[in-house]
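Below is one structure; the comments refer to it alone.
Each value in this text was obtained by applying a stated rule to the coordinates, not by laboratory testing. Since the model is a prediction, treat every value here as computed from it, not as a measurement. Every residue, glycine among them, receives a Cβ derived from its backbone with ideal geometry; neighbour counts consider all protein chains shown.
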Amino acid sequence: MYNNQIKEYDNAMKLLKQRKYREAEEIFLKMLEKNRRNKYVLFQMGKIKLQIRDRKGAEKYFKECIKYFPNDVFPRLELGKLYSKQGKDKESEEQFKKYIEIDQDKTPHARLELGSLYSKQGKDKEAEEQFKKYIEIDQDKTPHARLELGKLYSKQGKDKEAEEQFKKCIEIDKDKTPHARLELGKLYSKQGKDKEAEEQFKKCIEIEQDKNPHARLELGKLYSKRGKDKEAEEQFKKCIEIDQDKNPHTRLELGSLYSKQGKDKEAEEQFKKYIEIDQDKTPHARLELGRLYSKQGKDKEAEEQFKKCIEIEQDKTPHARLELGKLYSKQGKDKEAEEQFKKCIEIYQDKTPHARLELGRLYSKQGKDKEAEEMYSYILANLDYDIFDIQSRVKHLQKHMKNDLKKDIHGVFTMDCMKVMDMAIKNKRNKQIGYMCDIYCIPIPNCGYEGGRKGDGHILNYVTFITLPNSNNIITIFPSDEVVLKEKNRKTPNGEER
């Protein structure tokens, strides 16, 4: 009898390896009819239910396994991971902590999952603690915690520490998997080190042999950022071929590329394909489709897409309301525009200045100078700017939003100047001391181009950010190359050139 059960179990496991989940499930169900308390079968049934996306069924079997075998840690691990995916963070944390209590740190798996949960919640200190504990237990036999620790450091802007962790992963893993190289490439891309990023993404592709499309997607985004549209398109199309439209991300990137090129028909096709694949789980393609329609003057269609975005994401982010407000403002529907911008501010709690900036522009257009100045004042005060002469300061920054042929060299932003200021404030480091000012050169890839009479139009990947000494009070900010300003070009506190 016992030998027959082992044979049945082995047969079912062979079917699982072949991804024949239904056939394996049939064998396991028959085994459970004979013995309901077979912990191995209960556990495998939970995993089968996960594979066939029956989360309720998976939860049922993992709970049953825990009920009969409360000291078995692996059903708790799987149940915790399931709860985390469902957004049940409290229940997830409870299972991981119970695993650690039972296991007494003989194995590190729950520490990794608990760290990932804390990272997702923004509890960075607790996440770091768990990842470091995993490394201590595991003694660098596996690279998983170092990978997650690197991603955490990258998110925090600790680029040096992140790079160190990713390189250690590669050393431990010996290129059996591409994950650390992918993350290292993304880190380099963020820093504007395009050559190094490209090298890492290409190495990923070599390791993976095109089993999944992630590195090609990142390489495509890198090429798109550098203006290599043909190469970007090639990578995105290869992604779609590999992925067979299991997920829609590449369609969004390809659509955005076409939109940038003015290929509106092709862009629309890609955004609609994203929506078809995604089944409105996320709003990204509808947002881009709305922007495309707005650009084309199809206001009714644009409004429909922005409203659908709001319905899908239930005001978790303000992007669709911001775009809807801009659409209404363009149409002269000032009351409706004001309502949307105010809702943005309410949702996002002034984490970024865009809604207040648009509201300020709206008030300025209406001749409500006092209300407009209030909006600009709030932006500058809460980003810790010097708020004297606010409107002239904003106007000065906006001069870098268009080319100026009266100047020999003039950095021109291709991004919203207020967004750039926000990013610069959060990432400023490597201070240079100027004449009565501090100078920072911050990597923000593809933030602008070199204009002016003598400018050659090359892409600028840095922002020069000049403040009063030891403060965030801005004197000026403009796109640039990574060079320290010459003494004669440094500014006085009044923004005059010396």
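The share of C-alpha pairs in region 11-95 whose separation exceeds 19 Å stands at 36 percent. Both numbers refer to the Cα atoms of region 151-218; Rg and Dmax are 11.2, 32 Å. For region 171-294, the Kirkwood hydrodynamic radius from C-alpha pairs, put into Stokes-Einstein at 10 °C and a viscosity of 1.306 mPa s, yields a diffusion coefficient of 106 µm² per second. Mean residue ellipticity at 222 nm, helices only, the chain: -21000 deg cm²/dmol; runs of at least 4 DSSP H residues each add -39,500 (n - 2.57), and the sum is divided by the number of residues.
Relative to its Kirkwood radius, the Cα radius of gyration of the chain gives an Rg/Rh of 1.03. Remark: the chain carries a charge dipole of roughly 640 debye about the Cα centre, counting +1 on each Lys and Arg Cβ and -1 on each Asp and Glu Cβ. Simple rule: put +1 on each Lys or Arg Cβ and -1 on each Asp or Glu Cβ in the chain, find the dipole, and look at SER92, LEU149, PHE166; the Cα lying farthest toward the positive end is SER92. With a threshold of 31 Å on the Cα-Cα distance, the over-threshold entries among LYS81/LYS158; LYS98/LYS190; LYS34/LYS85; LYS308/LYS342; LYS155/LYS246 are LYS98/LYS190; LYS34/LYS85. May I ask you to derive the relative contact order of the chain, considering only C-alpha pairs under 8 Å and at least 6 residues apart, and to give it as an integer percent? For the chain, the relative contact order is 6 percent. A Stokes-Einstein calculation at 4 °C with viscosity 1.567 mPa s, built on the Kirkwood radius of region 1-149 over Cα pairs, returns a diffusion coefficient of 79 µm²/s. Once you sort the root eigenvalues of the Cα gyration tensor of region 81-132 as a ≥ b ≥ c, which label holds: rounded (a/c under 1.5), prolate (a/b larger than b/c) or oblate (the other case)? Here region 81-132 falls in the oblate category. The mean of 1/r over all distinct Cα pairs in region 226-302, once inverted, gives the Kirkwood hydrodynamic radius of 12.6 Å.
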